[in-house]
Amino acid sequence: MSFLSIVKVTVPVMMGYIPLGMAFGLLLSSLLIPWYYAFYMSVFIFAGSGQFLALSLFASQATILEIGVATFLLNLRHTFYGLAMVSTFKNFSWKKNYLIFGLTDETFALLKTREVDEKNREKIYLIITALNQFYWVLGSVVGALLGNILPFNYKGIEFSLTALFVVLSIDLYNKSKLHKPFLISLVIGFLGMLVFPSDKMLVLSLSLAAIILILFKKQLDNVHG
């Protein structure tokens, strides 16, 4: 798989990460935070929704502890992604640490939907992950710099991350033989919106979905052979 082919695979993520990263940079700029914070946060934190949350907490003068706890809860879903990739990453070199760090929603979806030769899998996964982070860093820095120069209405642009994840999830659904886990998670998500408090819906819904899928894993495996 050539480098250009790998770049083409990441184009959907690029189309979401660059504008969304710009939205993050613009928001950071509107809070009068120096532009280089966008670079450092995107390089060393690399958690889209977590970075937006951090900015809102900065604006409300939250403590470091409050920011840390809130970010941890928001990104708790990544635990399930990591568990799903354990068997894939276990034979990789020390570079798998970067793959674990860079395992965002969209990167996870790309890695799970692409058939890759086992011999070159680690290299290809590293390039995909690095490209995705590059798009995010680029968008963040450009947005922060533009925010100091041009007035810009970025209302609603943060939804592009949600839209991107939906598209990649549909792609993963179409390429997977196991459809029941998707449907179960979808139903639980809708029920969670109705039953759980809005500030706890994501964590509670993900936890419930994970528990159900773990409990009924054998039945699901038997149904699909």
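The values are calculated or read from the model by the stated rules, or taken from the named source; none is laboratory data. All figures in this text were calculated on a predicted structure; none of them were measured in a lab. Every residue, glycine among them, receives a Cβ derived from its backbone with ideal geometry; neighbour counts consider all protein chains shown.
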Quick one: which helices (runs of 4 or more DSSP H) sit completely within the stretch 1-47 and have at least 3 residues that are closer than 21 Å to ILE127 by Cβ and out of contact with any helix residue (DSSP H, G or I) (no Cβ under 7 Å at 6 or more places or on another chain)?
3-9
How many residues does the stretch 24-49 hold that are buried (at least 18 other Cβ atoms within 10 Å of the Cβ) and at pLDDT below 85?
3
Quick one: GLY82 ticks every box in (1) at pLDDT 85 or above; (2) within 20 Å of LEU126 (Cβ to Cβ); (3) assigned to a helix (DSSP H, G or I) bar one, so which box is it?
(1)
Within the stretch 117-176, can you find the residues that are in a loop (DSSP other than H, G, I, E, B) and at pLDDT below 75?
PRO151, PHE152, ASN153, TYR154, LYS155, GLY156, ILE157, GLU158, SER176
